[in-house]
Amino acid sequence: RAAMKSLRFISAEAFVSNAEFARQNLGDVAHDLFPLLFKASYLLEQGEVIHDLVQNWPLVDFNMGKLLGTTVDYQEDLSHRTCSVCLESCLTGLRDYVLNHPSPYTKRLKVVDLTGIKDVEVQFCECKKTMGRWARTQLLSKLCLELLVYLPQTRCNPGTFEISIDVLIDLFVTERNYELVVQALLKKCYCPLKIRCVAFRSDNLALQKFFRIIKLTDPSLLRKLEIVHNVRLEMEHLEILFNSIHFPLLMSLTLPARTFNVRRFTATDEQMLTNIGEKMGEMTQLTELSMSFSVLTGRIQKLLSPLKTPLKMLDVSNCSLNHADMAYLASSFHANHLEALDLSGHNIPDYPSTFFKLLSHSSSVLRSLTLEDCNIQDTHVNMLILGLSPCQKLQEFKFIGNPLSSQALKHLFTFLCELPMLKNVEFPVPRDCYPIGITYPIDDANLCRFDHEKYESVAEEINLILLQANREDMKASSPLFGSYDAAVQETNSELGAYLIKSFKETLEKFTTSLKMS
């Protein structure tokens, strides 16, 4: 249903729809109308008007999340529209704000906050071209360096050099934009636009480069740190990171696959793990932790017990946890505060009582639960329903990769309709849609080899169950290769090239060792 627009917003749309007229008359617009005109311009993708609004911004702050979010005049949230035309106009307008010739002494802008922009899978903008987090990082860095070139060449008022604007941004750095971002961060003190990194993500980056750039971001301001794909950070490197850099405001930490591997632990490694746990305990703001695809068997307590603040989000998917680990999680003070939990890759039916206990402790706050590839079969569905029953605040449930029949799925969905806040469900392709004898977890080569016609029929029956329960608000889907990741989507060509290069290097080493033997 379309959001209602106030008369003010309709008038603003009419004003900005004629770009030439709007640009010529901006000087006569009252300052308090700039936010209204900005949102109207963004909705209509009037790039030139957006540029001029930002170039002449009369207010102290410019907060993208607030400007595009729900407002009195137009309640629709536009912050998930990462429209390339709009965002590029916005950032170039910011550069030109600094270069704009009228007296800089009237310039009041102090803070620009770009962190409220949300990257989503489906875009509604007309141009259909998005500017993701990586591209925003790239463009802002480029514009900061351009300013350092332009300023000495232009005849600016001396006051221009006194302009200082904090630009809050979530940086995303890979090998491809590393040098540019490093240069922008190194020269930050000379640039009127000061990059202030609130969240940092790194993919496809050599360890040495990661350590260099993380120090340049000013870690004392960092609230979220994501070290994700192809950054070969192992436990000893993590200990060095925590010993050499202080993260006082860090709230969210994502570590790459195989950071920990207890299978080859020595006494020194045990001490290292203890040190890392203690360092995380000093991060009093830390409430979100993701450590997927590490081997942490029997060590969860050692790592999490030093934390003084309860975790709200925990991802321990594919971490080879044992019964002792699960029992600790269920009894720990974290359990009562968990809003998002990912236990994928663990054989949940092996721990029924512990699973019940964990869910019952977190049920009053749990919003997101992921149980992918957990060997949940038809005989376990009633157990699962029993465990989920107290979770009345659950909004998202993902359980792809489990060997469930279409009959069991329909039974489960009949129950899921009773969870009042559930909005998003990711369910597996039914086992009976695959050839007889398929083994789980299903490998990538066989993932798509199912009876698509039969699947569509089951999906229709599930939608009918939702319809009959008046739950059209619930979205049910089967993403074969997991949930959408905006960052991976944006840099997939670089990620693919990196993986091919790594595979080639591994083959070459293997061939060399064969020749030597």
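Filtered by the rule that a residue be open to solvent by 10 Å² or more (accessible area, probe 1.4 Å) and not acidic (Asp, Glu), the stretch 8-25 gives ARG8, ILE10, SER11, ALA14, PHE15, SER17, ASN18, ALA19, PHE21, ARG23, GLN24, ASN25. Take the conditions (1) charged (D, E, K, R); (2) part of a loop (DSSP other than H, G, I, E, B); (3) under 31 Å from the mean Cα position of the chain (by Cα); ASP96 misses just one of them, which is (2).
Please give the number of the condition LEU394 fails out of (1) under 22 Å from the mean Cα position of the chain (by Cα); (2) open to solvent by 10 Å² or more (accessible area, probe 1.4 Å). Only one criterion is unmet by LEU394, namely (2).
Restricting to the stretch 210-256, name every residue that is in a strand (DSSP E or B) and within 18 Å of GLU282 (Cα to Cα). Steps first, answer last, please.
Our first condition is that a residue be in a strand (DSSP E or B); within the stretch 210-256, this holds for 224-227, 252-254.
Within the stretch 210-256, LYS224, LEU225, SER252, LEU253, THR254 qualify.
Within the stretch 55-101, the set of residues being crowded, with 22+ Cβ neighbours inside 10 Å, in contact with an Asp or Glu (Cβ under 8 Å, 6 or more places away or on another chain) and β-branched (Val, Ile, Thr) comprises just one member, THR82. Regarding the stretch 28-37, can at least one residue be identified that is touching a Lys or Arg at 6+ places or on another chain (Cβ under 6 Å) and part of a loop (DSSP other than H, G, I, E, B)? No; the residues of the stretch 28-37 include none that is touching a Lys or Arg at 6+ places or on another chain (Cβ under 6 Å) and part of a loop (DSSP other than H, G, I, E, B). A count restricted to the stretch 122-139 and to residues that are assigned to a loop (DSSP other than H, G, I, E, B), touching a Ser or Thr at 6+ places or on another chain (Cβ under 9 Å) and either within 19 Å of ILE195 (Cβ to Cβ) or touching a residue at least 60 places away in the same chain (Cβ under 8 Å) (or both) stands at 4. Of the residues making up the stretch 226-271, just one is under 23 Å from the mean Cα position of the chain (by Cα), hydroxyl-bearing (Ser, Thr, Tyr) and open to solvent by 10 Å² or more (accessible area, probe 1.4 Å), namely THR254.
Looking for something open to solvent by 10 Å² or more (accessible area, probe 1.4 Å), of a type in the set (D, E, K, R) and touching a Leu at 6+ places or on another chain (Cβ under 8 Å) - is there at least one such residue anywhere in the stretch 146-168?
First, the residues of the stretch 146-168 that are open to solvent by 10 Å² or more (accessible area, probe 1.4 Å): 146, 148-150, 152-158, 161-164, 166, 168.
In the following step, the residues that additionally are of a type in the set (D, E, K, R) were identified as 146, 155, 162, 166.
When the remaining residues are screened for being touching a Leu at 6+ places or on another chain (Cβ under 8 Å), the result is none.
The answer is no, given that none of the residues of the stretch 146-168 is open to solvent by 10 Å² or more (accessible area, probe 1.4 Å), of a type in the set (D, E, K, R) and touching a Leu at 6+ places or on another chain (Cβ under 8 Å).
Applying the condition of being free of Cβ contacts under 8 Å to residues at least 40 places away in the same chain and among the polar types (S, T, N, Q) to the stretch 436-493 and asking which residue is most open to solvent (accessible area, probe 1.4 Å) yields GLN468. Does the stretch 5-26 hold any residues that are of a type outside the set (S, T, N, Q), free of Cβ contacts under 8 Å to residues at least 12 places away in the same chain and farther than 14 Å from HIS51 by Cα, and which are they? Residues satisfying the conditions are LEU7, ILE10, ALA14, PHE21.
For SER294, are the conditions met, namely being crowded, with 20+ Cβ neighbours inside 10 Å and either closer than 23 Å to LYS209 by Cα or touching a residue at least 24 places away in the same chain (Cβ under 8 Å) (or both)? First the steps, then the outcome.
Working: crowded, with 20+ Cβ neighbours inside 10 Å: yes; either closer than 23 Å to LYS209 by Cα or touching a residue at least 24 places away in the same chain (Cβ under 8 Å) (or both): yes.
When the stated conditions are applied, SER294 passes them.
Take the conditions part of a helix (DSSP H, G or I), modelled with pLDDT under 75 and either open to solvent by 80 Å² or more (accessible area, probe 1.4 Å) or of a type in the set (Asp, Glu) (or both) and apply them to THR512. Does it pass? No, not satisfied.
Hey, can you tell me all the residues within the stretch 282-303 that are over 23 Å from the mean Cα position of the chain (by Cα) and outside any loop (DSSP other than H, G, I, E, B)? Steps first, please.
Our first condition is that a residue be over 23 Å from the mean Cα position of the chain (by Cα); within the stretch 282-303, this holds for 282, 295-303.
Residues satisfying the conditions are GLU282, VAL295, ILE300, GLN301, LYS302, LEU303.
In this structure, is SER320 buried (at least 17 other Cβ atoms within 10 Å of the Cβ) and polar (S, T, N, Q)? Yes.
Quick check on GLU76: is it acidic (Asp, Glu), within 24 Å of the chain's Cα centre (by Cα) and not in a loop (DSSP other than H, G, I, E, B)? No, not satisfied. Taking first residues from the stretch 406-435 that are outside any helix (DSSP H, G or I) and partners that are at pLDDT below 95 and β-branched (Val, Ile, Thr), the Cβ contacts under 8 Å between residues at least 6 apart in sequence or on separate chains come to TYR434/ILE442. In this structure, ARG133 does satisfy being touching a Phe, Trp or Tyr at 6+ places or on another chain (Cβ under 7 Å), open to solvent by 10 Å² or more (accessible area, probe 1.4 Å) and either at pLDDT below 80 or basic (Lys, Arg) (or both). Taking the listed residues VAL198, VAL182, the one that is modelled with pLDDT of 90 or more and either in a helix (DSSP H, G or I) or open to solvent by less than 10 Å² (accessible area, probe 1.4 Å) (or both) is VAL182, with no other qualifying.
Listed by first and then second residue, the pairs linking a residue in the stretch 176-193 that is in contact (Cβ under 8 Å) with a residue 40 or more places away in the chain to a residue that is surrounded by fewer than 16 Cβ atoms within 10 Å (Cβ to Cβ) and part of a loop (DSSP other than H, G, I, E, B), with Cβ atoms under 7 Å apart and 6 or more places separating them unless they lie on different chains, are PRO192/SER164.
The values are calculated or read from the model by the stated rules, or taken from the named source; none is laboratory data. Bear in mind the structure is a predicted one, so any value in this text is a computation, not a measurement. Cβ atoms come from the backbone with ideal geometry, glycine included; neighbour counts cover every protein chain shown. Keep in mind that these areas ignore ligands, DNA and RNA; they rest on the heavy atoms of the full protein, side chains included. Shrake-Rupley method; radii C 1.70, N 1.55, O 1.52, S 1.80 Å.
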